[in-house]
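Asks: What follows is a structure written as structure tokens; I'll ask about it next.
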Amino acid sequence: MDRRGAWIAAAGVAVTALIIGMVFVLARRDHGDATTVDVVSDSTAVGQVVVTVGSTLPTTTSPTTPPTTPPTTLATTTTTSTTTVPATTTTTTTTTTTTTTTLPPTTAPTTPPAPPGRLDVKVHELDLGPTTSAGTVSIVNIGGRPVGWSTSSDNALIQAPGGGTLGPGAVARLLISVSRAGLIEGDYTGVVSIVGGGRSLPVTVHWSVERAPVVQVDLKPPDLDDAGTCPKGSSALTAVVTAAVIDESPIASASMTWTGPGPGGELALTASAPGTWTAPLGPLTGPGSWSLTVTAKDSRGNIGTGSTTLLVNACTH
């Protein structure tokens, strides 16, 4: 009986320990507190178990089963990134550009201003020669606005209009004249400046003064004997022609011609002194009146003439 009782007591102790362990685990799960199980053993009360929850057993008590720490579960988070790739490899990129333009205040359309007036002249040379006293020059406004104009000259012998105003595209003909009064033979030049629209347009004017030589004819003797009826030794069969030539330019040449009832002729004169030209005349055949003309030419090409008449007398025996 004693051995049997010992086995029963051991079995009771084991069951008690199992119960205590289960209570401890449940207490830790439900309350998170330490659970101490006190086992009181008494020699008179075998198998009596006292369980105290929330109490700390003294160190002198029976060995305490250490609390069992619940296993720690680590949570693993897996992030899956799914990228959808298009079926084709062609990538279309659309770029949108936005341009912001600040518009000026809305105003009525304006017409750009017309260009300023601008003068132009058709010709820049005016040649009046030796006989013409006036000529015209045309000016035109090639600009877009009216332009005023005026003229001036560097030669007091030239006269031109004082000035005026030309509208766009308008043309004016300016009469330019010269004076030859008191001028000696020669060439003259002057410039008329037409000013307007910020421009000065020069027009060069040419003119000349030409005078023919003045020729005075003298014949000595004034009458001649007719060579056909008078003796060959007559002193009046020939005469000397003298021409006084007056000119502002040098005389280049002089000559004479004669005509009458008989055969005429021509002969050059010779310069015998400054301004004097001479030549012999005769004998002449043919009684009656004869004409004698002397022609002189100066170095500028001007020609002057002088004439006289003579009587050819027939001789009677």
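Asks: In contact with an Asp or Glu (Cβ under 9 Å, 6 or more places away or on another chain) and of a type in the set (Ser, Thr, Tyr): is that true of Ser208 in this structure? Give the derivation first.
Replies: Numbers: in contact with an Asp or Glu (Cβ under 9 Å, 6 or more places away or on another chain): yes; of a type in the set (Ser, Thr, Tyr): yes.
Answer is yes for this residue.
Asks: Pick from Thr189, Thr165, Thr238: which is of a type in the set (Val, Ile, Thr), free of Cβ contacts under 8 Å to residues at least 60 places away in the same chain, open to solvent by 30 Å² or more (accessible area, probe 1.4 Å) and within 25 Å of Ile303 (Cα to Cα)?
Replies: Working: Thr165 fails: within 25 Å of Ile303 (Cα to Cα); Thr238 fails: within 25 Å of Ile303 (Cα to Cα).
Testing whether each residue is of a type in the set (Val, Ile, Thr), free of Cβ contacts under 8 Å to residues at least 60 places away in the same chain, open to solvent by 30 Å² or more (accessible area, probe 1.4 Å) and within 25 Å of Ile303 (Cα to Cα) leaves just Thr189.
Asks: (1) open to solvent by 30 Å² or more (accessible area, probe 1.4 Å); (2) closer than 30 Å to Leu311 by Cα: which one isn't true of Asp226, the others all being true?
Replies: The number of the failed condition is (1).
Asks: Then there's this: Would you check which residues across region 207-223 are part of a loop (DSSP other than H, G, I, E, B) and surrounded by 21 or more Cβ atoms within 10 Å (Cβ to Cβ) and list them?
Replies: At the first step, the residues of region 207-223 found to be part of a loop (DSSP other than H, G, I, E, B) are 210-213, 221-222.
Within region 207-223, Pro213 is the sole residue that qualifies.
Asks: Here's a follow-up. Just checking, how many residues over region 296-317 are without any contact (Cβ under 8 Å) to a residue 60 or more places away in the chain and among the acidic types (Asp, Glu)?
Replies: Residues in region 296-317 being without any contact (Cβ under 8 Å) to a residue 60 or more places away in the chain and among the acidic types (Asp, Glu): 0 in total.
Asks: Identify, by number, the condition in (1) touching a residue at least 12 places away in the same chain (Cβ under 8 Å); (2) assigned to a loop (DSSP other than H, G, I, E, B); (3) over 30 Å from Ala134 (Cβ atoms) that Thr293 doesn't meet.
Replies: Only one criterion is unmet by Thr293, namely (2).
Asks: Going by the conditions given, is Ser255 within 16 Å of Leu310 (Cα to Cα) and of a type in the set (Ser, Thr, Tyr)? Lay out the reasoning, then the answer.
Replies: Details: within 16 Å of Leu310 (Cα to Cα): no; of a type in the set (Ser, Thr, Tyr): yes.
Considered against the rule, which asks whether it is within 16 Å of Leu310 (Cα to Cα) and of a type in the set (Ser, Thr, Tyr), Ser255 comes out as no.
Asks: Sticking with this structure for a sec: Only one of these is basic (Lys, Arg) and either touching a Ser or Thr at 6+ places or on another chain (Cβ under 7 Å) or open to solvent by less than 50 Å² (accessible area, probe 1.4 Å) (or both): Arg173, Arg145. Name it. Spell out how you get there, then give the answer.
Replies: Details: Arg145 fails: either touching a Ser or Thr at 6+ places or on another chain (Cβ under 7 Å) or open to solvent by less than 50 Å² (accessible area, probe 1.4 Å) (or both).
Criteria check complete, one pass: Arg173.
Asks: Just need a number here: residues in region 281-315 that are more than 9 Å from Asp226 (Cα to Cα), open to solvent by less than 10 Å² (accessible area, probe 1.4 Å) and either of a type outside the set (Val, Ile, Thr) or modelled with pLDDT under 95 (or both).
Replies: Within region 281-315, residues that are more than 9 Å from Asp226 (Cα to Cα), open to solvent by less than 10 Å² (accessible area, probe 1.4 Å) and either of a type outside the set (Val, Ile, Thr) or modelled with pLDDT under 95 (or both) number 8.
The values are calculated or read from the model by the stated rules, or taken from the named source; none is laboratory data. This one's a predicted model, so the numbers in the text were calculated from it and none came from an experiment. Every residue, glycine as well, gets a Cβ built from its backbone with ideal geometry; the counts of neighbours run over all protein chains shown. Surface areas here come from the heavy atoms of the whole protein model, side chains and all, with no ligands, DNA or RNA. Shrake-Rupley method; radii C 1.70, N 1.55, O 1.52, S 1.80 Å.
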